Every structure is written in C-alpha cells, then in structure tokens.
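Right, one structure below, let's go through it.
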Amino acid sequence: MIGGLFPVGVSDQVDQLLNDAQGGQGTVLDVGCGSAIWATNMAKIFSRAWVVGLDLNAQEFSDAPENFEFIQGDLDQTLPKFNGRASIVHCRCVAQHVRDPQTLVLMLSQTLRPGGLLLLADGDWTVYDQHKKLVEPFKWWNHGITNSNPAEPIVLEKDACGRSWYASWLDFFGNLTRSKDYRPIEELVKNVDTLTVLDSHRYLSPINWPGEGIENGEDLGRILNINQRDFFVGAKEIALQAGFSHEMVEVWGRHYEAEIDSGHFYNLWHYLTAQKRETPINL
Ligand SMILES: C[S@@+](CC[C@H](N)C(=O)[O-])C[C@H]1O[C@@H](n2cnc3c(N)ncnc32)[C@H](O)[C@@H]1O
C-alpha cells in the first residue's frame, strides 16, 4: 500500500539516518515485529545499520542478515533499554493490542534520538463496500448469543438478513482484542509533544479484486484474500474459547469465505510518519 518498506516521502531522511558516513551506525527498532519480515528486509537493504526486532513471542530466523538481531520480551521492559538510541522506530499493527496504547507511543518516542523517525501503522476492524460505504456487520449479540448460550447455527443462517458475516468476524475480533483505551494512531501521536507529524495517511486495500483507482490494487487484492482467509483460520480457536460452538464457527467460516471471494470489499489502514524534535517544544 505504501509502495515499499516506508513511504517515498521519507526516503531521503531514512537514507540520511542509516547511510550517513558521519553518523555512525544507525539503529532501527521494529517493535512487535512478528515474523520480522519488515525488519529483515530493512537489514538487507541497509547493511550498515543495526536492525532489532522486538516481540513477545519467540521467532526463528534461518536466513536473517547478520546486522539483524531478535530480542524476545515484553516491550514495556525492553523499550527503555533503547532510550535515545534509535534512528528509526517501526511499529505496525501493535498499538491496539497493548493495554495502554498512549504509553506505548510515548515509549516509542523516547527510544528515538533527536531527528529520528517514527513509522507507525495500524489496521482498522471495519469493512467498506465498493462504493467505500461502511458495511454493516451481522450483529451476533442481537440474536441472544452469549458465551454461555451459543445459538443454533441454523438460526444464524436464517437471521443474517443480508448483513455481512465477514464484517461481523472483524467486528467481533476488534472488540475482543483492541485495548479499551485505543484511539486512532493520529490521536495518540498528537498527545506526544516531542513528535512532529510529517504525514498521516489512510489507505483502502481491496480484497480479492483490484479496487478502483488503487495503486498496486491487483497485488493487494490477491494478498489480502490470502491474508483474510488465514486470519479466519488463525482466529478460530479464539472464537471457540469465547464460547462459540464448532458448528457456528463452521457456518460463519463458510459465509466469510463466500463473501470475500465474491464481494467487492475494502479494509482500512492508517499509516503515519513522525519525527522526534531536536529540542522539546516547551523549552
Ligand atoms: C498483529 S502482529 C504485527 C506483527 C508485525 N508488526 C507485522 O506488521 O507484520 C502484533 C505483534 O505484536 C506483538 N506484541 C503484542 N504485545 C506485545 C508486547 N507487550 N511486547 C512485545 N510484543 C508484543 C505480538 O506478539 C505480535 O507479534
């Protein structure tokens, strides 16, 4: 969506921070790196930089470049060790999953050295149709379904009323996994006075179709179809743990896949770049 590992608008700054002959070795942090696909690619491109991936979950890297290091741990404990040292901090699709998203953004800013860059991205749990109108989720909770009393799947099929099962799965997981203190990343950054926003952008990514006027739409559509199918499979266990019956999850899955294969949907993503001020604003 952004056309590369970072938006083209900050490529000169990235280059300066990581390739500057006088600047010593630049440090890049990928916070909540997951598979570290972003961090390892950055390490390959910027071979003089030290690229660190941080994540709660253990990861194995068979062919990671030598200038990449993975640190397993909770970001609350690991981030302060990097205070004032990072040239670039990347944090994608993590902020909504931590207990205190505002404190996370503050901690990210503290790891940056003056002039350093924050690359912050997050996904939304809403679905849009081909006319970019919000798609209404099928509200399972209006149908007497509670954790202790999962409804019969047949009732669900009758009662869906044309509303979206796909949007409903995203809605369900958003409500389950998002911190109650989460705000869109633009708002979280606004509250940190050592950061200056360089650019803030919203992207619509098509699922299983190229979208209308979307750059790289063909590829995005294909990737998002695979991604959203995998998401259903990966999230199934959580739905079962939340009290939904196997039958219900199966019905949900059938509708979900049929919808993303035949419908023209978009997902919404937020991407923001910010720079650490050289001097605090209140001095
Ligand atoms: C949705 S994934 C995003 C992965 C990666 N940033 C990407 O875009 O491909 C969220 C990641 O944040 C990590 N995470 C969540 N809370 C964390 C914490 N408190 N400390 C470290 N990592 C955390 C999870 O383990 C998971 O890998």
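Please specify each residue of the range 49-62 satisfying the condition of being within 15 Å of the ligand (Cβ to nearest atom) and open to solvent by 80 Å² or more (accessible area, probe 1.4 Å). Walk me through it before giving the result.
Going through the range 49-62, the residues within 15 Å of the ligand (Cβ to nearest atom) turn out to be 51-61.
Answer for the range 49-62, where residues must be within 15 Å of the ligand (Cβ to nearest atom) and open to solvent by 80 Å² or more (accessible area, probe 1.4 Å): LEU56, ASN57, GLU60.
For the range 1-48, a residue qualifies if it is free of Cβ contacts under 8 Å to residues at least 40 places away in the same chain, of a type in the set (A, V, I, L, M, F, W, C), surrounded by fewer than 21 Cβ atoms within 10 Å (Cβ to Cβ) and more than 16 Å from the ligand (Cβ to nearest atom), and the qualifying residues are VAL8, ALA21. A count restricted to the range 228-247 and to residues that are out of contact with any helix residue (DSSP H, G or I) (no Cβ under 7 Å at 6 or more places or on another chain) and surrounded by 14 or more Cβ atoms within 10 Å (Cβ to Cβ) stands at 3.
Among the numbered conditions (1) within 9 Å of the ligand (Cβ to nearest atom); (2) part of a loop (DSSP other than H, G, I, E, B), the only one that PRO65 does not meet is (1). With GLY217, GLY174 as the choices, which residue is modelled with pLDDT under 95, within 16 Å of TRP269 (Cα to Cα), under 20 Å from the mean Cα position of the chain (by Cα) and small (Gly, Ala, Ser)? Sole residue among the options that is modelled with pLDDT under 95, within 16 Å of TRP269 (Cα to Cα), under 20 Å from the mean Cα position of the chain (by Cα) and small (Gly, Ala, Ser): GLY174.
Table: residues versus (1) modelled with pLDDT under 95; (2) over 20 Å from THR111 (Cβ atoms); (3) not polar (S, T, N, Q).
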position: GLY9; (1), (2), (3): no, yes, yes
position: PRO65; (1), (2), (3): no, yes, yes
position: GLN72; (1), (2), (3): no, no, no
position: LYS81; (1), (2), (3): no, no, yes
position: CYS93; (1), (2), (3): no, no, yes
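Of all residue pairs spaced 6 or more apart or on separate chains, those with beta-carbon atoms under 6 Å, a first member in the range 76-100 that is under 24 Å from GLU278 (Cα atoms) and open to solvent by less than 60 Å² (accessible area, probe 1.4 Å) and a second member that is within 9 Å of the ligand (Cβ to nearest atom) and among the charged types (D, E, K, R) are HIS90/ASP30. Tell me, yes or no, whether the range 105-124 has at least one residue that is in a loop (DSSP other than H, G, I, E, B), at pLDDT 95 or above and within 16 Å of the ligand (Cβ to nearest atom). Within the range 105-124, none of the residues are in a loop (DSSP other than H, G, I, E, B), at pLDDT 95 or above and within 16 Å of the ligand (Cβ to nearest atom).
GLN275 satisfies every condition listed in (1) modelled with pLDDT of 95 or more; (2) part of a helix (DSSP H, G or I) except (2).
The values are calculated or read from the model by the stated rules, or taken from the named source; none is laboratory data. Since we're looking at a predicted model, the values are computed, not measured. Cβ atoms come from the backbone with ideal geometry, glycine included; neighbour counts cover every protein chain shown. Heavy atoms of the whole protein, side chains included, go into the accessibility calculation; ligands, DNA and RNA do not. Shrake-Rupley method; radii C 1.70, N 1.55, O 1.52, S 1.80 Å.
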